[in-house]
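Enquirer: Below you will find the structure I want to go over with you.
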Amino acid sequence: MTVLQALLAFALVAGLLTLVPGLDTALVLRSTVTRSRSHGFAALGGIQVGTLVWGAAAAGGAAALLAASQTAYRVLTLAGAAYMVWMGASMLWRSFREPRVGADEVDAPLPAGGRWRDFGLGLSTNLMNPKVGVFYVAAIPQFVPDGVNPLLMGLLLALVHCVLGTAWLSLVVLGAGWFGPRLRRSGAVRWVDRVTGGVLVLFGARLATTRI
């Protein structure tokens, strides 16, 4: 198997996984609909940086060590689950407790650094999900041709995954950006936060109760 063949084969696997709606899609949709396209792209950027970090960790052996250690995996799993449940519960709490804002207030400029918060949410949620690392541990060895540096190949594979994820989630951002202003004016922002918060809580609970 050549490097090109390995990249194409991995692209097929990663592409199919990318198209399945999941936590990444929910986070990007939430940032776009409740704020703006630029916030959606910020969340997307954080998610993809997290993907590259996991790819590098898997190729370098760190994620393999995590997968081999039940204790380390469990600690990270519980930490990630707690973080996701906390984030989801915070969204749910704000959606029920914050006063309703008018249409003129919704479109007001957001505080400085708001996009970095979306970036950080995408990055931290990805990094706190050990299942991403386990996926790379399982996948990367199957797509490393003989004689090729595993670290370099791992980074290339993670880059392919990032390109596919960025392409798909960019379409999600652009589509959600068209509906966003209409939804914000209709007061649907609360429901977007409730749905996303619920997804985070459920995902965190599932992560906490799932064994490797």
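Enquirer: Using 0.36 nm per residue, how much length does the chain from residue 12 to residue 52 gain when fully extended, once their Cα-Cα distance is taken away?
Expert: 12.6 nm
Enquirer: Give me 152, 44, 7 sorted ascending by neighbouring Cβ count inside 10 Å, so fewest comes first.
Expert: Starting with the residue having the fewest Cβ neighbours, the order is 152, 7, 44.
Enquirer: I need the peptides 126-135, 29-38 ranked by packing, meaning the mean over residues of other C-beta atoms within 10 angstrom, with the highest value on top.
Expert: Descending packing order for the listed peptides: 29-38, 126-135.
Enquirer: Report the calculated FRET efficiency for residue 79 and residue 38 (r = Cβ-Cβ distance, R0 = 30 Å), to the nearest 0.05.
Expert: That gives a FRET efficiency of 0.50.
Enquirer: Say each of residue 148 and residue 97 gets a label point 7 Å from the Cα, pointing the same way as Cα to Cβ; how far apart are those two points in nm?
Expert: 5.1
Enquirer: On a C-alpha basis, how far is the centre of region 116-155 from the centre of region 44-61 in Å? Whole number, if you could?
Expert: Taking the Cα centre of each part, region 116-155 and region 44-61 sit 4 Å apart.
Quick note: the coordinates plus some simple rules give every number you see, no bench work behind them. Computed from a predicted model, the values in this text were never measured in an experiment. Positions of Cβ are generated from backbone atoms using ideal geometry, with glycine treated the same way; all protein chains shown enter the neighbour counts.
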